[in-house]
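What follows is a short report on a single structure.
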Amino acid sequence: GGVNPAVQLALAALAGLSLALAARGAGRAPLAGLALLLVVLVGALPVASLVTGPALSLDPPASGRDLASAVAALLAFWAAWTLAGTRRRRDHVVLGLALAGVAVALAALGAALLGQGPLLSPTFPFVNSNHQSGLLDLSAFVLLGLALRRHGQARLLWLLAFVLVVAALFVTLSRGGIGAFFGGAAVFLALAAWRDQARPGAPPHHDWKKLAAAGLVAALGAVAYLALGPVLR
């Protein structure tokens, strides 16, 4: 959950090592990483001000931990981008993101089912429900994309995984996570529509609009069944 300083520093070191191992012989860094680089720079301002003055941080240890998290995210992103140099490797990275979300959703909902934790605002496997919803947000639309690329039973399985992850996301009751989900849905649908327009005259790969709508309706239906009242509040 990113609340332990030792864990955060270890993750930053691991992400840096991953980038160092993956970047041998790699080309330029991705431009998309500039957004995360901006986050690092903003996080570095309060820390740097402790030396240069006037101090901008009211809690220097917390500012340092936030900076470590931002650095770890940037290095991990660059490592994943560098590693995904071929189509097969890109598929592995995407599959890893998808399965991570499924594992977290199964752990959280399974613990609630077995009476080992609450269904709403769970603290397992992440201590912080906002952090848990963040990972589930990241993986949810990866799962939906995988469903759109498959056929038959494989498509149904990926759609079911999407429903599972979205249900686990909403019962975290994280307002930021829930808001990010609807923002992600808008971006996902806009990108899918833009891709179709960018290929005029090409036969459609599938009716993605119906499939995406079915997945979203099923996911929100599961949420309504589990905890409509608390989610709306």
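The values are calculated or read from the model by the stated rules, or taken from the named source; none is laboratory data. The structure presented is a predicted model; accordingly, all values stated were derived computationally and were not measured. So basically every Cβ, Gly included, is an ideal-geometry build from the backbone, and we count neighbours across all protein chains shown. Only protein heavy atoms, including side chains, enter the accessible area calculation; ligands, DNA and RNA are left aside. Shrake-Rupley method; radii C 1.70, N 1.55, O 1.52, S 1.80 Å.
Points worth noting:
- Counting only Cα atoms, the stretch 75-136 measures 44, 20, 11 Å along its principal axes, largest extent leading.
- A straight chain from ARG175 to ALA213 at 0.36 nm per residue would run longer than the Cα-Cα distance by 11.4 nm.
- For VAL51 and LEU157, the difference between the fully extended length at 0.36 nm per residue and the C-alpha to C-alpha distance is 32.8 nm.
- What you get for the stretch 58-172, charging only the Cβ of Lys and Arg (+1) and of Asp and Glu (-1), is a dipole of about 640 debye around the Cα centre.
- Ellipsoid equivalent to the stretch 107-176 - semi-axes via the Cα gyration tensor, in Å: 24, 14, 8
- Positive-end residue of LEU216, HIS131, LEU164, charge dipole of the stretch 128-233 with Cβ unit charges: LEU216
- Shape call, the stretch 145-217: gyration tensor on alpha carbons, a/c limit 1.5: oblate
- Computed Kirkwood radius, in angstrom, where 1/r is averaged over Cα pairs of the stretch 45-155: 16.9 Å
- Rg/Rg_globular for the chain, with Rg_globular taken as 2.2 N^0.38 Å and Rg from C-alpha atoms: 1.13
- From its DSSP helices (H runs of at least four residues, each -39,500 (n - 2.57)), the chain gives a residue-normalised ellipticity at 222 nm of -26500 deg cm²/dmol.
- On Cα atoms only, tilt of 87-113 relative to the major axis of the chain in degrees: 90 degrees
- In this structure ARG90 has an accessible area near 110 Å², from a 1.4 Å probe over the protein heavy atoms.
- Modelled spin-label separation between ALA13 and ALA224, with each label point placed 7 Å from Cα along the Cα-to-Cβ direction: 5.0 nm.
- Across the stretch 97-222, Cα pairs under 8 Å and at least six residues apart give a relative contact order of 28 percent.
- Angle between the chain longest axis and helix 129-149 axis [Cα atoms, degrees, rounded to 10]: 40 degrees
- Measuring r between the beta carbons of LEU99 and ALA62 and using R0 = 25 Å, the FRET efficiency lands at 0.20.
- Solvent-accessible area per residue, Å², over the chain with all protein chains present [probe radius 1.4 Å]: 58 Å²
- Nearest 10 degrees, 0 to 90: helix 208-232 Cα axis against the chain principal axis: 70 degrees
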